[in-house]
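Visitor: Here it is, the structure in full.
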Amino acid sequence: MSRELFKFKGGVHPPGHKEESTGRPIHAAPLPKKLVIPLHQHIGQTAKPIVDVGDRVLKGQMIAAASGTVSAAVHASSSGIVRAIDMQPVPHISGLPDLCITIETDGRDEWIAHAPLDYQAMTPAELRVQLRDLGLVGLGGAVFPSATKLDPGAAYPCPTLIINGGECEPWITCDDVLMRTHADEILQGVAVMRHLLGSTETLVGIEDNKPEAIAAMQAAAAKMDFAVEVVSVPTIYPGGGAKQLAEVLTGKQVPSGKRSTDVGLQVFNVGTAYALARAVHHGEPLISRLVTVTGHVVRPQNIEVLIGTPFDTLIQLAGDLEHSTGVLMGGPMMGMPVPNLDVPVVKATNCILVKSAELFPPLPRALPCIRCTRCADACPAALQPQELFRFAKAGDFGRAQEYHLFDCIECGCCSYVCPSHIPLVDFYRYAKSEIWAHEKDKQASDLARERHEFRLFRQEREKAEKAEKLAAKAQAKRAELAAAPADKAEPGSATPSEADAKKALIAAALARAQAKKAEAAPKNTDNLSPDTQLEIAEIEARRAKIREQARQPLESKEKT
Amino acid sequence: MFTAILVMVGIAVVTGLVLGWSAIRFKVEGNPLAEKIDAILPQTQCGQCGFPGCRPYAEAIAKGEADINQCPPGGEEGVKKLADLLGVEPKSLDETHGTPKPKSVAFIDEQTCIGCTLCIQACPVDAIAGAAKQMHTIIAAECTGCELCLPPCPVDCISMVPIAEDLPHWKWKHPVIELKRVA
């Protein structure tokens, strides 16, 4: 522990509540009858379904392919029959549905053929495509596609690789338990990351409230053929935030609006490293993850869960209790309330936290902001939360952006310390989504303006083209006629008058029309039976008669 | 005295030349105020303001020939922005030009469509795909919801469908905080 550590600004010390769920061994959740697998489990574009309703799929089979540069594939978590590809409820605060594939499991849990990847023989680009197709995303919470993150680009050398075992959020212990039990595999995944990024320095940051995890990781690091420094960092929330951990370990701050690769860093969660090792050394896609089920349950514990398993199955497995007051996906600081327990576990689900009135007493009613700036002291992003609150509340989003609203990591420290119990983060989320919506509207209106202007331009162009064509045609005709009668009517007037030309033009057009009419013989008249031919002849005769009759009164009228 | 006149005339000539040259060199194409107004307008191109499109309306406002409260799709918020830009008092929307409606896109009932192309000719943003005697369909991503395709349709097969809230379009609502009564 010789490494010099730095401190980031702000932070809070909420009660940890970690020991509740670390005492029990990892359980595997039973195979559910039905798996509902959302197609948008990552940041970026929704994966495109590549199976049909009624298809039989195997465990680990790709059921939706990545589309676009920032995307990841989605796989069947067990074998069975695809029963539906439709909108199903997903874990989201709005309770709105999203596109999901529903698989009715057959209980056989039959794997598709899969083999380890020889990553050292592959080019980095090939390997990244493989990882994207194995559905690898960051499991720390942001679910950013790992393949994109493992491509720093030639312009950004990434000498320092940081593995995030901070897990600063109270109640959650899935990373802690994973490090205790699978330290070797985590570091195998780290080796692949080093290979892809070309990093020379590897740091593993673990908060000092997890001594067993630190010991396990240090033991595993000693066995590796490259230098891995396992660093114990002081426990402070949000010390497990990517930017905060990077600052504690290296002293480097990521400037506003920049990414960590801009300062030569890349940060990955331990869960991502483990999933990467499973993908490379076993060829397994990301179809399961560790989920901490804790809070108001009989047996708080960590469960190995197939993606697509419903929340309520897991809560029942941990022993549900009466008088729960709601469920959070994630921890108490950054977690999202889930209105419906029928939703599936997704790649982002690290914790299912069941609330009760004793564990999470309802907040007292909010009081007005007294501008005490305790939030500013606690803010790890060095922002002015009281000002952001004022602007967001007033709808002055431009000013909020000037005060670096988008540097807010929504960690909830400000809401935690606020003596007036104002839900500050809710205001920042509101302001951010309003700004994004505005941006989208602006793009749509720019597109509409562009298309409308092009339409006006096109109409003008078509009009001009038509006029030009007509003029050219008329010119050609006139020249032709001027040449023709000149040959024929040589002895008469040498140059035909304008009226004659016009008459000739009309006559020519008439002749053309008549020729066309004569050409258009009635269809279906060959190979007719004599009867039908007779019938047609009769009809024709009747028509001729009628035509004759129609003409007569006209003629007689003209005569009188 | 003569020198003074010479100097003054000299200055006048030089400044005149500079001004004349800059008038040509830095000539502004179009009306910059109309541009700014046009950027605020929602670009629905619906014509409810009484002008054939957003751009003509913007030019009319810039010239002072039209009021700022004639754009129902822009809503009260749009009027407020125009008032801020032009330094005038915001007013409520003029009801004679229509009332704001929820954002919608047109939808063609493909069973009823006869392929007459009248809606294609009416669409101000070319958001309808189709050809004579072929089925038509709306390119929903490009439809501005202007409703200009509704009147020309001879078989009334076009309807306006309000955009339903889905996950990609979901927004965080303004938090409602109950304040404690202290008095």
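The values are calculated or read from the model by the stated rules, or taken from the named source; none is laboratory data. Just so you know, these numbers come straight off a predicted model, no measurement behind them. So basically every Cβ, Gly included, is an ideal-geometry build from the backbone, and we count neighbours across all protein chains shown.
Visitor: Quick check on segment A:409-433: of everything there that is over 19 Å from the mean Cα position of the chain (by Cα) and at the interface with chain B (Cβ under 8 Å from one of its Cβ atoms), which residue is farthest from B:Ala129 (Cα to Cα)?
Guide: Among those residues, the one meeting the criterion is A:Ile422.
Visitor: Out of segment A:95-140, which residues are closer than 19 Å to A:Val36 by Cα, free of Cβ contacts under 8 Å to residues at least 60 places away in the same chain and within 18 Å of the chain's Cα centre (by Cα)?
Guide: A:Leu96, A:Pro97
Listed here are the residues, each with its yes/no results for (1) among the acidic types (Asp, Glu); (2) farther than 30 Å from A:Asp500 by Cβ.
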| position | (1), (2) |
| --- | --- |
| A:Phe427 | no, yes |
| A:Ala431 | no, yes |
| A:Ile435 | no, yes |
| A:His438 | no, yes |
| A:Leu456 | no, yes |
| A:Glu460 | yes, yes |
| A:Ala472 | no, no |
| A:Ala479 | no, no |
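Visitor: Take the residues in segment B:148-158 that are away from chain A (no Cβ under 14 Å) and surrounded by 13 or more Cβ atoms within 10 Å (Cβ to Cβ); name whichever of them is farthest from the chain's Cα centre (by Cα).
Guide: This residue is B:Cys157.
Visitor: Just to be sure I understand the filter: pairs with C-beta atoms under 6 Å, separated by 6 or more residues or on different chains, first member in segment B:13-36 and part of a helix (DSSP H, G or I), second member surrounded by 10 or more Cβ atoms within 10 Å (Cβ to Cβ) and of a type in the set (Asp, Glu). Which pairs pass?
Guide: What qualifies is B:Ala34/B:Glu59.
Visitor: Separate question: Filter segment A:128-165 down to the residues that are modelled with pLDDT under 90 and not aliphatic (A, V, I, L, M) and list them by number.
Guide: Of everything in segment A:128-165, those that are modelled with pLDDT under 90 and not aliphatic (A, V, I, L, M) turn out to be A:Gly140, A:Gly141, A:Thr148, A:Lys149, A:Asp151, A:Pro152, A:Gly153, A:Tyr156, A:Pro157, A:Cys158, A:Pro159.
Listed here are the residues, each with its yes/no results for (1) within 12 Å of chain A (Cβ to nearest Cβ); (2) β-branched (Val, Ile, Thr); (3) in contact with a Ser or Thr (Cβ under 6 Å, 6 or more places away or on another chain); (4) surrounded by 20 or more Cβ atoms within 10 Å (Cβ to Cβ).
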{"residue": "B:Cys49", "(1), (2), (3), (4)": "no, no, no, yes"}
{"residue": "B:Arg55", "(1), (2), (3), (4)": "yes, no, no, yes"}
{"residue": "B:Ala66", "(1), (2), (3), (4)": "no, no, no, no"}
{"residue": "B:Glu77", "(1), (2), (3), (4)": "yes, no, no, no"}
{"residue": "B:Leu82", "(1), (2), (3), (4)": "no, no, no, yes"}
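Visitor: Now a separate question. When segment A:307-338 is examined, which residues are found to be under 30 Å from A:Ala277 (Cβ atoms) and in a helix (DSSP H, G or I)?
Guide: Once the filter is applied, which keeps residues that are under 30 Å from A:Ala277 (Cβ atoms) and in a helix (DSSP H, G or I), segment A:307-338 yields A:Phe311, A:Thr313, A:Leu314, A:Ile315, A:Leu317.
Visitor: If I ask for residues that are in a helix (DSSP H, G or I) and among the polar types (S, T, N, Q), which ones from segment A:261-306 would you list?
Guide: Matches in segment A:261-306: A:Thr261, A:Thr272.
Visitor: List pairs: first residue in segment A:16-35 and of a type in the set (Lys, Arg), second residue crowded, with 18+ Cβ neighbours inside 10 Å anywhere in the structure, Cβ distance under 6 angstrom, at least six positions apart or on different chains.
Guide: A:Lys18/A:Thr173; A:Arg24/A:Gln301
Visitor: Further, regarding this structure: Going by the conditions given, is A:Gly54 small (Gly, Ala, Ser), outside any helix (DSSP H, G or I) and surrounded by fewer than 18 Cβ atoms within 10 Å (Cβ to Cβ)? Please lay out each step first, then the result.
Guide: Details: small (Gly, Ala, Ser): yes; outside any helix (DSSP H, G or I): yes; surrounded by fewer than 18 Cβ atoms within 10 Å (Cβ to Cβ): yes.
Yes, satisfied.
Visitor: On to the next question. Out of curiosity, is A:Gly95 of a type in the set (Gly, Ala, Ser), surrounded by fewer than 22 Cβ atoms within 10 Å (Cβ to Cβ) and within 14 Å of chain B (Cβ to nearest Cβ)?
Guide: Yes.
Visitor: What are the residues in segment A:62-88 that are surrounded by 21 or more Cβ atoms within 10 Å (Cβ to Cβ) and more than 15 Å from the chain's Cα centre (by Cα), if any?
Guide: Within segment A:62-88, the subset surrounded by 21 or more Cβ atoms within 10 Å (Cβ to Cβ) is A:63-64, A:66, A:71-80.
Passing the criteria: A:Ile63, A:His75, A:Ala76, A:Ser77, A:Ser78, A:Ser79, A:Gly80.
Visitor: Quick one: B:Pro102 ticks every box in (1) of a type outside the set (Asp, Glu); (2) closer than 30 Å to A:Val90 by Cα; (3) assigned to a loop (DSSP other than H, G, I, E, B); (4) free of Cβ contacts under 8 Å to residues at least 24 places away in the same chain except a single one, so which number is it?
Guide: So B:Pro102 meets the others, but not (4).
Visitor: With respect to A:Ile422, determine if the residue is in contact with a strand residue (DSSP E or B) (Cβ under 7 Å, 6 or more places away or on another chain), free of Cβ contacts under 8 Å to residues at least 60 places away in the same chain, within 30 Å of A:Arg371 (Cα to Cα) and surrounded by 14 or more Cβ atoms within 10 Å (Cβ to Cβ).
Guide: When the stated conditions are applied, A:Ile422 passes them.
Visitor: Look through A:Ile214, A:Ile162 and report the one residue that is assigned to a strand (DSSP E or B), surrounded by 20 or more Cβ atoms within 10 Å (Cβ to Cβ) and of a type outside the set (Asp, Glu). Spell out how you get there, then give the answer.
Guide: Details: A:Ile214 fails: assigned to a strand (DSSP E or B).
Result of the check over A:Ile214, A:Ile162: A:Ile162.
Visitor: Are any residues in segment B:37-52 touching a residue at least 12 places away in the same chain (Cβ under 8 Å) and not in a loop (DSSP other than H, G, I, E, B), and if so, which ones?
Guide: Answer for segment B:37-52, where residues must be touching a residue at least 12 places away in the same chain (Cβ under 8 Å) and not in a loop (DSSP other than H, G, I, E, B): B:Ile37, B:Asp38, B:Ile40.
Visitor: Based on this model, can you work out whether B:Lys91 counts as within 12 Å of chain A (Cβ to nearest Cβ), within 19 Å of the chain's Cα centre (by Cα), surrounded by 13 or more Cβ atoms within 10 Å (Cβ to Cβ) and closer than 29 Å to B:Asn31 by Cβ?
Guide: Judged against the criteria, B:Lys91 is not a match.
Visitor: Let me confirm something: among A:Ile63, A:Ile50, which residue is in contact with an Asp or Glu (Cβ under 9 Å, 6 or more places away or on another chain), without any contact (Cβ under 8 Å) to a residue 60 or more places away in the chain and not basic (Lys, Arg)?
Guide: Exactly one of A:Ile63, A:Ile50 is in contact with an Asp or Glu (Cβ under 9 Å, 6 or more places away or on another chain), without any contact (Cβ under 8 Å) to a residue 60 or more places away in the chain and not basic (Lys, Arg), namely A:Ile63.
Quick grid of which residues meet (1) surrounded by 10 or more Cβ atoms within 10 Å (Cβ to Cβ); (2) under 30 Å from A:Arg449 (Cα atoms):
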| position | (1), (2) |
| --- | --- |
| B:Met8 | yes, no |
| B:Ile11 | yes, no |
| B:Gly16 | yes, no |
| B:Ser22 | yes, no |
| B:Phe26 | no, yes |
| B:Glu29 | no, yes |
| B:Ala34 | yes, yes |
| B:Ala39 | yes, yes |
| B:Pro42 | yes, yes |
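Every residue, every condition in (1) at pLDDT 85 or above; (2) away from every other protein chain (no Cβ under 14 Å); (3) surrounded by 10 or more Cβ atoms within 10 Å (Cβ to Cβ); (4) not in a helix (DSSP H, G or I), yes or no:
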{"residue": "A:Arg451", "(1), (2), (3), (4)": "yes, no, yes, no"}
{"residue": "A:Arg455", "(1), (2), (3), (4)": "yes, no, yes, no"}
{"residue": "A:Glu462", "(1), (2), (3), (4)": "yes, no, yes, no"}
{"residue": "A:Lys502", "(1), (2), (3), (4)": "no, yes, yes, no"}
{"residue": "A:Pro522", "(1), (2), (3), (4)": "no, yes, no, yes"}
{"residue": "A:Thr525", "(1), (2), (3), (4)": "no, yes, yes, yes"}
{"residue": "A:Arg542", "(1), (2), (3), (4)": "yes, yes, yes, no"}
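Visitor: Next question. Within segment A:354-377, does at least one residue satisfy the condition of being crowded, with 20+ Cβ neighbours inside 10 Å, under 31 Å from the mean Cα position of the chain (by Cα) and either of a type in the set (Asp, Glu) or within 13 Å of chain B (Cβ to nearest Cβ) (or both)?
Guide: No, that holds for no residue.
Visitor: Let me confirm something: among B:Cys119, B:Cys153, B:Cys146, B:Cys113, which residue is touching a Pro at 6+ places or on another chain (Cβ under 7 Å) and assigned to a loop (DSSP other than H, G, I, E, B)?
Guide: Result of the check over B:Cys119, B:Cys153, B:Cys146, B:Cys113: B:Cys146.
Visitor: Being of a type in the set (S, T, N, Q) and away from every other protein chain (no Cβ under 14 Å) narrows it down to one residue among B:Gln134, B:Gln121; which is it? Steps first, answer last, please.
Guide: Details: B:Gln121 fails: away from every other protein chain (no Cβ under 14 Å).
B:Gln134 is the lone residue from the list that is of a type in the set (S, T, N, Q) and away from every other protein chain (no Cβ under 14 Å).
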